[in-house]
Structures are given as structure tokens and as C-alpha cells.
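Throughout, read-outs are computed from the coordinates displayed, never taken from laboratory work. Note that the structure is predicted; figures quoted are calculated from it, not measured. Counting neighbours? That spans all protein chains shown, and the Cβs are built from the backbone with ideal geometry, glycine included.
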Amino acid sequence: MTETLFIINPVAARGTTFKRWVETRPRLVALGIELREHLTTRTGEATEVTRQAITQGITRIVAVGGDGTLNEVVNGYLDQSGKALNPEATLGLLPSGTGSDFRRSLGFRTGADSIRALAGTRTRRVDAMRIVFTGGDGAELSRFGINVASFGLGGETVALVNKWRESLPSWIGGRARFIAAAVSALNRHRSVPITIQLDCEREVAVASNLIVVANGQYAGGGMMLAPNAKLDDGLLDVILTDRLTRFDIIKELRRIGRGGHLKNPKVSETRATDVAICAAEPLAIDIDGEMASYTPARLTILPSAIRFAVRSDRS
């Protein structure tokens, strides 16, 4: 089997990922996987290591950590134009993070599913998205995402989840952490006028503090924010809310786990390949579970941008 580079974020999942990696490593070796490993020590390192590895000819790279770790690897896999540095290179995932939501859209229910995917040869082309936004110094920045970008309440919730990483007890699970953070962020909830331009031709105006642009179905520790999203349809699923009150959002927390929030008349769904978001006040931007910046922002789909290791039908 082709040599595989495992990029491990040892502090993911509140510092338990390294222990899980030590336990999993012998199983991978027993399956005949020839592996190299790299433990990250800082933010952004996984991007650099991925880019360097592909340049040196490594064609299988696995993110070991949460959605943030995977996002860094994705940003190393793609060049500045959004094309794969090597279209034949394959990414994989051993999920171990607070949310680990992208694995749900891949159909990985357990860690064993992820290991089976890495032991096999089946791959699937999945979409990615480019997000262009303004940095703190006013300069235009861009970042790639693979799962979900959220604006307003979603970004504020993620910022709190990451802030509480060390302070909350380890027995509080990922979804509970996201729900607690969302309820806390609601204290500052206030709808603002937002204009959303779709494919440079359709324009939608809402009063909101919660917009979701999704490639994958899940975010927030298993909440099905975009139940109809598909990883390979070449489209972004856009979930819009209009004039939701705090009480409306609290009521929907129970239904959102199964996608039931789309039945709310104040919630709508549409699709586009290009989405521009401009708000009367800056909204926090979350990209794949990490706080990035603030609006305005523009998102563009990158069809079939990434080759991903998935389970075979016989697994």
C-alpha cells in the first residue's frame, strides 16, 4: 500500500487525540498501512506539512483530529486557485474532535468506519468551497472550507466552544458544548439587515443573525443544519433565517438535530454556486468549526476539488 502520512493534532478533543492515536496506530500497521506520522504543535502547521508532503510526492494524507484539523489539511491540499496540488492525491480522516461533523456526511458512524476507509482503495470526489473575507487589518483574505460556514450566531457559538475548551469537564460531549455555547451567545443575539446575493443575479434581504452556507449536512456536534446538502453536487446549500427571536431559536434547538428546523416558516433553504453576504453590522464567520473573521464575505463552490478516502460498499 502507498505510504500514508498521518497528521495528528494531539490537543484535539480536549487533549485526548494523542492517546487515541497511540491506541489506533497498531491497528493500522496490522492492516498493512505503511505510515508516517507528524504531530502538530501550532495553528496552521497542518496546512504547511500537507503542502510540503504533496510537493514531495506523498499521495495519501490523513487528518487525525477534528474538523479544524481537517480544514487545515484541505487548505494545504489546494493551491491558491482552488485546484488540487496533485489531483491523484487522496485525503483521509481519523476523526477525533469536539464536533467531528464532516465524518457524519461521509457516512462514518464509528472510528472503525474511518479505519476501513483507510484500509481500502475506494475514493470519492467531494466539493470544497472558497471563502473570501476581510482580515483584521482590512486586507482581503481567502480560506478553503469543506464542511460548513456559518455567520452570526454560529460564529459566536464556535468562538465560545473554543474558548471553553480547557474549562469545561471532559465528560460534557460535543453537542452539549455547542448547545451550551449557543444559549450563551443568544444573550447578545440581535437581528440585523443582511443582503445575500446568489450567483450574482438573485438577491435576498433578511433581518437575521444566523446564516448557514453548507457543503456538508452537519455542524455543531451533530446538528443537521443543512439536511439536504450533498458533498458532490456542485452546489452550496444556503439556510436563511428571517426575524427569528431568541425564543424561536431555543425552540428549534431540539428539532435541529434531525433537520426539523426547515419546517419553521422563518427558515428557508436555497442553493447556489456563489454566495455573497453583506450585513449592516459585522457578523462573525465560522469556517469548519473555527472562528475566522467577520462579514462581508463571498463563498464559491469548487466542484469535485478533493479526492477523499471512503468505505467500500463491501465494508
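The relative contact order of the stretch 104-155 comes to 23 percent, based on Cα pairs under 8 Å that sit 6 or more residues apart. Of the DSSP H helices in the chain, not one has a Cα length along its own long axis of 24 Å or more together with a mean Kyte-Doolittle hydropathy reaching 1.6.
The SER81 and THR2 beta-carbon pair, evaluated with R₀ = 25 Å, returns a calculated FRET efficiency of approximately 0.45. Taking each DSSP H run with n ≥ 4 as -39500 (n - 2.57) and averaging over every residue of the chain yields -8000 deg cm²/dmol at 222 nm.
Expressed as a whole number of Å, what is the distance separating the alpha-carbon centroids of the stretch 248-281 and the stretch 62-114? Centre-to-centre distance over Cα atoms comes out at 25 Å. Compactness check for the stretch 36-80: Cα Rg over 2.2 N^0.38 Å is 1.02. Using the Cα coordinates of the chain, the gyration tensor eigenvalues translate into equivalent-ellipsoid semi-axes of 32, 21, 18 Å, sorted from longest to shortest. Hey, how much of the P(r) for the stretch 209-277 falls beyond 14 Å, as a percent of Cα pairs? Here the long-distance tail beyond 14 Å is 56 percent of all Cα pairs in the stretch 209-277. Cα-based radius of gyration for the stretch 1-108, normalised by 2.2 N^0.38 Å, reads 1.00. Every Cα-Cα pair in the stretch 183-225 was counted, and those over 16 Å apart are 56% of them. Among the listed pairs LYS19/LYS230; LYS19/LYS83; LYS83/LYS230, those whose Cα-Cα separation exceeds 30 Å are LYS19/LYS230; LYS19/LYS83. Taking every alpha-carbon pair in the stretch 9-66 and binning the separations at 10 Å intervals from zero gives 20, 49, 29, 1 percent.
Taken over the alpha carbons of the stretch 53-106 as equal point scatterers, the Debye sum produces base-10 log I(q)/I(0) values at 0.20, 0.23, 0.25 Å⁻¹ of -0.70, -0.87, -0.97. Across every pair of non-identical alpha carbons in the stretch 241-315, the mean reciprocal distance, once inverted, gives a Kirkwood radius of 15.9 Å. Between ALA128, ALA279, ALA180, the GNM of the chain built on Cα springs shorter than 10 angstrom shows ALA180 fluctuating the most.
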